Amino acid sequence: MNNIMERLVGQENMFYLFGGISTFTIENIVFNITISTLLGLFIYYVYKKTFSGVTYSQSFNVTIVMISLITAIVMMSIRNNLALSLGMVGALSIVRFRTAIKEPRDIGFLFWAIAVGLAAGTNEFMIAVIGSIMIAGLLFIFNRVIYTDYSYLLVLKGGEIETQKVAVVMKECRIPFKLRMRTTYKNLNEITYEITLKSMNEDGLIKTLKTINGIEEVHVVSYNGEVSG
């Protein structure tokens, strides 16, 4: 009798291990997907409002919502099912992502979306909501306090550009600047400076620089701080 009970218990444990112990109703599935979608849209909003790079990618932001939703679906599919989870790991190991992520900050948003999907797919809604609110609060604080100065590339084009006069203008306007690149063509010079603007009007700076002899074109380009050289 004891041997029979031990076999039954062993079979039951194997069933729990490989077949899962919980089933989702339609209401559970819809609720989990709704929560993960709402949190994904919340991440979408935070990413858009705190973006400080050069080119905002709408497709990447939409992908963040998709990742949170897909992760939740995957977690509901493999929950408490060892065999299915191992098969999922094997299937995902075949996938190769060739798209390079240019902004290191974007990696954090991807992990945030994955974490939200993991929490929503396992019914840990409080963790997902509280964690998302705290992350969003920190991002808004950093965006408001730390990123008060905006970096630009100042590109000057013309004939004989007097760099000393350019330096005098920068110092008078109290604009930090650094020479990044100087290219000389046959009848054209192109000089690129890295500058930091806080409250200075770009139009006023451009008009002042155009008064310098030799400068024909003035371009002010926003950038993310990554310049080679």
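The values are calculated or read from the model by the stated rules, or taken from the named source; none is laboratory data. Predicted model only: the values in this text are computed from it and were never measured. Here the Cβ positions follow ideal geometry from the backbone for every residue, glycine too, while neighbour counts run over all protein chains shown.
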What helices (runs of 4 or more DSSP H) lie completely within segment 98-213 and have 1 or more residues being modelled with pLDDT of 80 or more, under 20 Å from SER52 (Cα atoms) and among the aromatic types (Phe, Trp, Tyr)?
-> 104-121, 125-145
Scan (1) at pLDDT 70 or above; (2) assigned to a loop (DSSP other than H, G, I, E, B); (3) touching a Leu at 6+ places or on another chain (Cβ under 8 Å) for the single condition THR55 breaks and write down its number.
-> (3)
